[in-house]
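The values are calculated or read from the model by the stated rules, or taken from the named source; none is laboratory data. Keep in mind the model is a prediction, meaning the values are calculated, not measured. FYI the Cβ positions are ideal-geometry reconstructions off the backbone, even for glycines, and counts take in every protein chain you see. These accessible areas exclude ligands, DNA and RNA; they are computed on the full protein's heavy atoms, side chains included. Shrake-Rupley method; radii C 1.70, N 1.55, O 1.52, S 1.80 Å.
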Amino acid sequence: MKRWWAAGLLALACAGGAPAQTILTLRTTSDPAICYPLAVGTLFQLMLPASAGTGYSWRLRSGAGFEQVGEMATGAVAGGGMVVGGPQTQVLRFRPTRAGRGRLVVGYARGDGPAIKEASFCLAVREP
């Protein structure tokens, strides 16, 4: 499972024949006081802890100027299956569409219901 996940990240980094580049990865443990620098069009991802099979997932709450370009979940269960309530990592991928400084906020909720927790990330986007 880990090899597949790493291969997926490598494929995204190399898409379009461009040289491989590091994809900025932010986690809920990222410092909210830091404003992470990016260029318009640069792919970045959020890696967020989730519980498999509960109906809850991370969704974009606010973040004008950011386009969501992908989503996947990975689990840490032997045999590749998911255990309801078991640990899972939800990966959300975004690309900034315009320059400026802003905050991307995601919430952990069931469907369109209220978020039971949120994560917020400051991003300073510049022209390429």
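How large is the accessible surface of V40 in square angstrom, using a 1.4 angstrom probe and rounding to the nearest 10? Probe radius 1.4 Å; accessible area of V40 about 30 Å².
Can you tell me how much longer the chain between T54 and A73 gets when fully stretched, taken as 0.36 nm per residue apart minus their C-alpha distance, in nm with one decimal?
Details: separation 19, 0.36 × 19 = 6.84 nm, distance 1.32 nm.
Extra length from T54 to A73 when fully extended: 5.5 nm.
Summing Lys and Arg as +1 and Asp and Glu as -1 over all other residues whose Cβ lies under 15 Å from the Cβ of L38 gives a net charge of +4.
What FRET efficiency would be calculated for the residue pair S120, V84, taking the C-beta separation as r and a Förster radius of 22 Å, to the nearest 0.05?
Calculated transfer efficiency: 0.15.
Counted residue by residue at 0.36 nm each, then reduced by the alpha carbon distance between them, the extension gain from Y36 to T97 reaches 20.4 nm.
For the stretch 116-128, 3J(HN,Hα) computed residue by residue from phi via the Karplus equation (6.51, -1.76, 1.60; θ = phi - 60°) reads 8, 7, 9, 10, 10, 9, 8, 10, 10, 9, 10, 5, x Hz, glycine and proline entered as x.
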